[in-house]
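The values are calculated or read from the model by the stated rules, or taken from the named source; none is laboratory data. Nothing here was measured: the structure is a model prediction, and the numbers come from that model. Neighbour counts run over all protein chains shown; Cβ positions are idealised from the backbone, glycine included. To get the accessible areas, we keep the full protein, side chains included, count just its heavy atoms, and leave off ligands, DNA and RNA. Shrake-Rupley method; radii C 1.70, N 1.55, O 1.52, S 1.80 Å.
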Amino acid sequence: MKTVLSGMRATSRLHLGNYFGAAANWLRMQEEYNCYFFVADLHALTTDHDPSALNHHAKTIFAHYLGLGLNPEKCTLYIQSDVPEIAELYLVLNMFANKGELEKTASFKEKARKKGQSLNAGLLTYPVLMAADILIHRADFVPVGKDQEQHLEMTRTFGNRFNHVYKTDLFPEPQAFAYSESLVKIFALDGSGQKMSKSDHNTNNTIFLTDSDDEIRKKLKKAKTDKGPQEKNSPFTQEIKGLFELMTGVSSPETLQAFMADYANCAIRYGDFKAQLATDVIDFIAPKREEILSWQSDEVRMKRIAQLGADKARESARKTLNAMRDVMGMHYFKD
Ligand code: TRP
């Protein structure tokens with residue numbers, strides 16, 4: 001069976017974009033593959049050093065995984081730092097990463113551009129840690145968004161260099177993976193055409209999976225629209241396209257068709273459209289929110305699952321490290 005692996009940084013909470021862009025895919029994959037899903041708390045350390053925030057965020061993301069339906073009996077769920085083997089592989093892979101190529105990574109250059117951001121070595125080697133996450137379980141598929149594809153490419157590079165130097169095929173080449181038909185694109189509610197994002201400074205642009213009904217209604221009421229279609233069969237403006245995309249994700253096909261037809265006939269009333277959308281978003285999110293919050297308030301249950309997940313992940317990780325140490329000549333003494 002093929003191995004799938006993915007993770008999210010331990011920052012903030014999840015929003016509708018994370019759901020449709022990632023979690024929805026993961027839920028399907030856990031039925032078909034040998035899956036590892038983890039909370040990347042060490043990656044969060046590249047930018048944040050507030051202990052209580054880290055602690056809170058890691059548990060929050062873990063509760064989201066469980067609340068959304070990732071099932072510890074079907075997949076391995078863990079917190080990255082609970083698997084210290086990853087750190088050992090990270091150290092070794094650093095020997096196969098060039099300073100120059102790390103400096104040229106898009107995500108690093110973007111951080112470097114932002115003034116005031118301290119550029120620590122952890123930030124520079126962020127892709128190496130991500131490669132360690134993936135290669136530690138010798139994963140075949142990695143469900144990630146476009147913004148992570150360069151990191152995945154670097155993962156293949158580091159793995160291949162290792163394989164080449166030690167004349168081994170220890171590390172397979174992981175591929176990006178998504179169920180293409182299920183990709184609903186979720187845009188920020190300000191009509192900017194940007195994807196919905198955790199780090200958007202205006203939280204009105206983002207619908208979080210733990211938002212209350214009221215917050216959802218308010219955010220959608222404020223969502224940007226335009227003057228309305230002036231001619232029949234007008235193309236969508238960015239604002240309206242974003243709202244229809246969202247409707248594709250949460251509403252019934254009949255509802256979607258009806259509003260599309262109204263739009264094409266210039267009969268659409270944005271007030272009604274947004275009210276319907278709010279109702280459907282709430283129906284979509286409410287049961288998920290209740291599950292997430294219930295997990296979040298049950299640390300005993302989460303602890304048990306995180307422990308179990310770490311045990312399973314470490315077992316797989318130790319196999320990889322054993323094989324790695326073997327080819328590297330790091331088994332020094334016979335038993
Ligand atoms: N870099 C990813 C992100 O920011 C998170 C991540 C860390 C990850 N390690 C990973 C994703 C391994 C997939 C596989 O979204």
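Take every Cα-Cα distance within region 203-293, group them into 5 Å bins from 0 onward, and report for each bin the whole-number percent of pairs it holds.
The distribution over region 203-293 is 2, 14, 25, 25, 16, 10, 5, 2, 1, 0, given as percents.
Starting from the Cα-Cα distance between S197 and D169, subtract it from 0.36 nm times their residue separation and give me the gain in nm to one decimal.
Using 0.36 nm per residue and subtracting the Cα-Cα distance, I get 6.3 nm.
Compute a Gaussian network model of the chain, connecting alpha carbons closer than 10 Å, and tell me which residue from E110, E32, E149 fluctuates the most.
Maximum fluctuation in the GNM of the chain, among the listed residues, is at E110.
Compute the Rg to Rh ratio over region 85-181 from the alpha carbon atoms, using the Kirkwood formula for Rh, and round to two decimal places.
Expressed as Rg/Rh, it is 0.99.
Taking H as built 1.01 Å from N, whose amide H comes closer than 5 Å to the amide H of H15, not counting residues under 5 places away?
L209
Which of L209, P287, H164 sits closest to the plus end of the dipole of the chain, meaning its Cα is farthest towards the positive end, when Lys and Arg get +1 and Asp and Glu get -1 on the C-beta?
With unit charges placed on the Cβ atoms, the residue in question is H164.
Report relative contact order for the chain in percent, whole number only (criteria: Cα-Cα under 8 Å, sequence separation at least 6).
The value is 23 percent.
Mind listing the Cα extents of the chain along all three principal axes, in Å, largest one first?
So the three principal-axis extents are 80, 44, 40 Å.
Determine the relative contact order of region 162-297: mean sequence separation of Cα pairs under 8 Å and six or more apart, normalised by residue count, in whole percent.
In percent, rounded to a whole number, it is 26.
Kirkwood Rh over Cα pairs of region 32-93 into Stokes-Einstein at 4 °C, 1.567 mPa s: D in µm²/s?
This corresponds to a translational diffusion coefficient of 101 µm²/s.
Residue-wise, which Karplus ³J(HN,Hα) couplings in Hz belong to region 6-22, taking 6.51 cos²θ - 1.76 cosθ + 1.60, θ = phi - 60°, and x for glycine or proline?
With coefficients 6.51, -1.76 and 1.60, one gets 7, x, 10, 5, 7, 9, 6, 10, 9, 10, 4, x, 5, 5, 6, x, 10 Hz.
Roughly how many whole Å is it from the C-alpha centroid of region 208-249 to that of region 1-24?
A separation of 24 Å, based on Cα centres.
State the answer as a single residue: which of A139, Y36, Q117 lies farthest towards the positive end of the charge dipole of region 1-154, with beta carbon charges of +1 for Lys and Arg and -1 for Asp and Glu, about the Cα centre.
Farthest towards the positive pole: Q117.
Which residues' amide hydrogens lie under 5 Å from the amide hydrogen of C266, considering only partners 5 or more residues apart or on another chain, with H built in the peptide plane?
Amide H neighbours of C266, under 5 Å, 5+ apart: N233.
Near the amide H of V39, under 5 Å away, which other amide H atoms are found, from residues 5 or more places off or on another chain, if H is placed in the peptide plane?
Under 5 Å from the amide H of V39 lie the amide H atoms of Y78, I79, Q80, each far enough along the sequence or on another chain.
Report, to the nearest whole %, how much of the accessible area of the chain belongs to carbon and sulfur atoms, 1.4 Å probe, protein only.
Carbon-and-sulfur percentage of accessible area, whole number: 51.
For a quick check, take a GNM of the chain with Cα springs below 10 Å and name the residue from N34, N163, N233 with the largest mean-square fluctuation.
Among N34, N163, N233, the largest mean-square fluctuation in the Gaussian network model of the chain belongs to N233.
Picking from G69, G309, G193, which is most flexible by a Gaussian network model of the chain using Cα springs under 10 Å?
So, out of G69, G309, G193, the one fluctuating most is G193.
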